[in-house]
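Derivation of every value follows stated rules applied to the coordinates shown; laboratory data play no part. Computed from a predicted model, the values in this text were never measured in an experiment. Every residue, glycine among them, receives a Cβ derived from its backbone with ideal geometry; neighbour counts consider all protein chains shown.
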Amino acid sequence: MADPIRVVQPPEWPRPRGYANGVITAGGGERILYVAGMVGWKTLGDSPEGVFDTDDLGEQFAIALDNVLAVVRAAGGAPSHVARMTVYVTDLEAYRRSTATIGRAWRERLGRHYPAMALVGVAGLLEPGAKVEIEATCVLPAAAGSPP
């Protein structure tokens, strides 16, 4: 019997240390994908650490959302498969000031698809320089060739 839990790793990304970028459950029907918290950095080479190109919360949100969607696509999913999302921000007022940038980034990536969401203000995030972290849960269609 195949392992019911499989790690999802975008092929061009370095392997993280101490966590998985995504984990998907395998069963007879839909598959559930759990996407780890993604920050607004870009990965480089073989290093599991990335680089923050900006310290602007709205711009980091857009990059973090791109990173979430890269894991979703690596699992064979699409943005419309995102069912739940939690967004952690280090500055709620900066988030409020960035809503136009965040809204534009959302529409460009997810259109009018709005999953169940929570926004949480936090004192800090693990990665120095991170202003936002996004985690998601997705419901993906059954894999080709799997029983109904």
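Starting with the fewest neighbours, write out Val139, Val122 ranked by other beta-carbon atoms found within 10 Å of each beta-carbon. It would help to have the intermediate numbers written out before the result.
On the way: Val139 16, Val122 12.
Sorted ascending by nearby Cβ count, the order is Val122, Val139.
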Item checked: Folded to 0 to 90 degrees: helix 99-110 orientation relative to the chain principal axis, Cα -> 20
Notebook entry, point to check: For the range 5-140, rounded, prolate or oblate, judged on the Cα gyration tensor with a ≥ b ≥ c (square roots of eigenvalues), a/c < 1.5 rounded, else prolate if a/b > b/c?
Noted result: oblate
Next item on the list: Please give, to one decimal in nm, the separation of the simple spin-label points placed at Ala116 and Ala78, each 7 Å out from Cα toward the Cβ.
Entry: 2.3
Next item on the list: Select from Glu108, Glu30, Glu135 the residue whose mean-square fluctuation is largest in a Gaussian network model of the chain (Cα-Cα springs shorter than 10 Å).
Entry: Glu108
Notebook entry, point to check: Once the Cβ-Cβ distance between Glu127 and Arg107 is put in as r, and R0 is 35 Å, what FRET efficiency do you end up with, to the nearest 0.05?
Noted result: 0.85
Check: How far is helix 57-74 tilted, in degrees, relative to the longest principal axis of the Cα atoms in the chain, given as a value from 0 to 90 rounded to the nearest 10?
Finding: 10
